[in-house]
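Each value in this text was obtained by applying a stated rule to the coordinates, not by laboratory testing. Nothing here was measured: the structure is a model prediction, and the numbers come from that model. We place every Cβ from the backbone using ideal geometry, glycine too, and count neighbours over all the protein chains shown.
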Amino acid sequence: MKKEHSLLLGAHMSIAGGIDKAIERGESIGCTAIQIFTKSNRQWRAKELSDEEITAFKQAWKNSSIASVVVHASYLLNIGSSDPDLEKKSLEALKVEFQRCADLGIPYLVLHPGSSTTGDEKSCLAKISKNIDKLLGHIPDGTLLLETMAGQGSQVGYTFEQLAEIIKHADHKKRIGVCIDTCHLLAAGYDFRTEKTYHEMWKHFDATIGIHKLKAIHINDSHKDLGSRVDRHADIGKGKVGLEGFKLLLNDPTLFDVPKILETPRAELADYKKNMDVLKGLLSKKTGDLLDIKK
């Protein structure tokens, strides 16, 4: 009998030496899902991908056990900025990021929604929505995933309502999804560490945004506690989320087909492997059987 689901678990992989190397690195520690940057995340510009680079990546992916690849956009982008120059620069850079995803055959691009530099969050959300429409109107393929933020500084997108507001006013709603970050969720005030609060949170998410919009999960513990609005990732089980919240998440059938990607502090393969092993250890026998996991 063909299994209906598989465990989509992995981590953010370096593209040093070539984008195809991210696939090799992910496979070396047993990833079935990975996230990458397609360029330096700290630079605005990047040289165009060559046909050779694109072919090498696609071939490596095709021949691997990696089922899902997600791209994260540069941290420099702020399409909600009140600075017209930064807004324009961010929008142009985001268009390039989308094109690179299309070239590589990657369907999802994760974006930090933006920051309200004037303190006017409502106007910032409206601007983000308008700019997403402007972008998607010129890009035929791909889905933009808005990441849930911690609410640090002038960030927007730290409540489900704010993300819903962005989506609500966009014409291209079907091409906008959400990537939750477990560290950010806790820091923003969403408690999912007990069975009761876990189910309450997802009920709220579904009523506000829609569970069908959830396309990726960044799976990280948090150094800071509930409602701190401080974005500081920790290893799984070593922070304020604790193991119970991750156990609930890993064994939730609703989330089986959503890729879960580690962004824990030390981005070394051995550290990612340790965190993946901790997460796999939280799988129940029932979940393990459903996902055909050999523990």
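Between ASP271 and ALA16, the C-beta separation translates, for a Förster distance of 22 Å, into a calculated FRET efficiency of about 0.85. Say each of LYS88 and ALA56 gets a label point 7 Å from the Cα, pointing the same way as Cα to Cβ; how far apart are those two points in nm? A separation of 3.6 nm, rounded to one decimal place. Taking Cα centre as origin and charging only the Cβ of basic (Lys, Arg, +1) and acidic (Asp, Glu, -1) residues, the dipole magnitude of region 121-257 rounds to 340 debye. Dipole orientation for region 1-105: of the candidates HIS12, GLN99, THR32, THR32 has the Cα lying most toward the positive pole (charges on Cβ; Lys, Arg +1; Asp, Glu -1).
Ordered by the count of other Cβ atoms within 10 Å of each Cβ, fewest first, SER74, SER228 give SER228, SER74.
Taking all pairs of distinct Cα atoms, average 1/r, flip it, and tell me the Kirkwood hydrodynamic radius of the chain in Å to one decimal place.
Computed over the chain, the radius equals 19.4 Å.
Arrange ARG42, ARG232 by Cβ neighbour counts within 10 Å, fewest through most, would you? Walk me through the numbers on the way to the answer.
Values: ARG42 9, ARG232 17.
By the 10 Å Cβ count, ascending, the order reads ARG42, ARG232.
Here each label is just a point 7 Å from Cα along the line to Cβ, and for ALA102 and THR194 those points are 4.9 nm apart. Relative to the Cα centre, the charge distribution of region 9-291, modelled as +1 at Lys and Arg Cβ and -1 at Asp and Glu Cβ, gives a dipole magnitude of about 140 debye. Other residues within the sphere of radius under 15 Å centred on the Cβ of PHE246, judged by their own Cβ, net out at -2 (K and R +1, D and E -1). Let me make sure I get this right: for region 46-197, a, b and c are the square roots of the gyration tensor eigenvalues over alpha carbons, sorted descending. Under 1.5 in a/c it's rounded, otherwise prolate if a/b > b/c, else oblate. Which is it? Since a/c reaches 1.5 but b/c is at least a/b, the shape of region 46-197 is classed as oblate. Here the Karplus relation 6.51 cos²θ - 1.76 cosθ + 1.60, evaluated at θ = phi - 60°, turns the backbone of region 223-238 into coupling constants of 5, 9, 7, 3, x, 5, 6, 10, 8, 9, 6, 9, 5, 4, x, 9 Hz, with x for every Gly and Pro. Site pair THR208 and ARG45 shows an inter-label distance of 4.1 nm when each label is modelled 7 Å from Cα along Cα→Cβ. Counting every other Cβ atom within 10 Å of each residue's Cβ, ILE139, ILE211, ILE106, ILE219 order from fewest to most as ILE211, ILE139, ILE106, ILE219. Normalised by the number of residues in the chain, the average gap of Cα pairs under 8 Å and 6 or more apart makes the relative contact order 18 percent. Applying a length cut-off of 18 Å (Cα extent along the axis) and a mean Kyte-Doolittle floor of -0.5 to the DSSP H helices of the chain leaves 121-136. Residue by residue, region 284-290 carries 3J(HN,Hα) couplings of 6, 4, 4, 5, x, 5, 5 Hz when phi is fed to the Karplus relation 6.51 cos²θ - 1.76 cosθ + 1.60 (θ = phi - 60°); x denotes Gly or Pro.
Note on the chain: antiparallel DSSP beta bridges, both residues inside, total approximately 10 percent of the bridges counted. If you take all other residues with their beta carbon under 13 Å from the beta carbon of ALA56, and give Lys and Arg +1 and Asp and Glu -1, the sum is -3.
Taken about its Cα centre, region 51-95 carries a charge dipole of roughly 220 debye when the Cβ of each Lys and Arg holds +1 and the Cβ of each Asp and Glu holds -1.
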